1. Residues with amide H under 5 Å of Val56's amide H, sequence separation 5 or more or different chain, H placed in the peptide plane at 1.01 Å from N; which?
2. What residues have an amide H closer than 5 Å to that of Tyr25, excluding those fewer than 5 places away on the same chain, when H is modeled at 1.01 Å from N in the peptide plane?
3. Please compute the modelled spin-label separation between Ala22 and Ser59, points set 7 Å along Cα→Cβ, answer in nm with one decimal.
4. Percent of Cα-Cα pairs more than 17 Å apart in the range 22-75, please.
5. Per residue of the range 52-65, in order, report the coupling 6.51 cos²θ - 1.76 cosθ + 1.60 (Karplus, θ = phi - 60°) as ³J(HN,Hα) in whole Hz, putting x for Gly and Pro.
6. Rounded to the nearest 20 Debye, what is the dipole magnitude of the range 22-75 about its Cα centre when Lys and Arg each give +1 and Asp and Glu each give -1 at the C-beta?
7. Measure off 7 Å from each Cα along the Cα-to-Cβ vector at Ser29 and Trp44, then give the distance between these two points in nanometres to one decimal.
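Every number here is computed from the coordinates shown, using simple stated rules; none is lab data. It should be emphasised that the depicted structure is a prediction, and the values quoted were computed from it without experimental measurement. All Cβ positions, glycine included, derive from the backbone under ideal geometry; neighbour counts span all protein chains shown.
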Amino acid sequence: MATPRTPETSASSIVLLGQLPAEGYVRQSQLIPAIVPFSPPTLWRKVKAGTFPKPVKLSPRITAWRVEDVRAWLANPNVSGGAA
């Protein structure tokens, strides 16, 4: 019996050695700790404070960040969060 592929398993192949895909969306499990050096609660505190980009709701149970917003934040993390 084959192991089913979960979104986290298949999506984790996108993030290789801490690199973001060229475009699209990344989920929290792809960001932490490979891309951003803080915990999930800190990520959500930063989103609420407006110091990290707000995520996009892709479906009722899936939230992700636009890669473009994350790249902009990585280029200048001292600027407020980015797109809504």
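1. Close amide H contacts, sequence-distant or interchain: Ala64, Trp65, Arg66.
2. Amide H neighbours of Tyr25: Val67.
3. 2.6
4. Details: 401 of 1431 pairs.
When all Cα pairs of the range 22-75 are counted, 28 percent exceed 17 Å.
5. Karplus-based 3J(HN,Hα) across the range 52-65 equals 9, x, 6, x, 10, 8, 8, 7, x, 10, 10, 10, 8, 10 Hz.
6. Values: 9 positive and 3 negative charges, 54 e Å.
Charge dipole, the range 22-75, about its Cα centre: 260 debye, nearest 20.
7. 1.7
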